[in-house]
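The values are calculated or read from the model by the stated rules, or taken from the named source; none is laboratory data. None of the values given here were measured: they were computed from a predicted structure. Note: areas computed on protein heavy atoms with side chains; ligands, DNA, RNA excluded. Shrake-Rupley method; radii C 1.70, N 1.55, O 1.52, S 1.80 Å.
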Amino acid sequence: MNKIMFALSLAKKSGKLIYGFDPVKQAVADKTAKMVFVTSDTSEKTLKRVQQFCQGIIDVNVTSLTQFEVSQITNKLTGVFAVVDENIAVLCKNAISSEKGE
């Protein structure tokens, strides 16, 4: 299991992973989201909409994961998700950094 999948799995098990466009949008509006992700196969339109509601609040990270890969954790095909725990967000950020460095 790669590092990003591990971090997201940990977030899911601890109840700190929010997924789906509307729940993530609400978490960003409430300022509870610590990190926002979209999958690599998310449509351009959805990516632009996510970037719009996150603008000036939180960065949007595009992962190398696909919706199918994330569905192994969430049991739902989704392209938009957020972590609402600071420590798990750091773990995710480190996983993304190490992935880009490889």
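Quick one: accessible area per residue over the chain, 1.4 Å probe, rounded to a whole number of Å²?
With all protein chains present, the chain gives 57 Å² per residue.
Measure off, as a whole percent, the carbon and sulfur share of the 1.4 Å-probe accessible area of the chain, all protein chains present.
Carbon with sulfur: 49 percent of the solvent-accessible area.
With a bin width of 5 angstrom, please list the P(r) values of the chain as percents of all Cα-Cα pairs, from the 0 bin to the one holding the largest distance.
Distribution as computed: 2, 14, 27, 28, 20, 7, 1 percent.
Using DSSP, restrict attention to beta bridges with both residues in the chain and report what percent are antiparallel, rounded to the nearest 5.
70 percent
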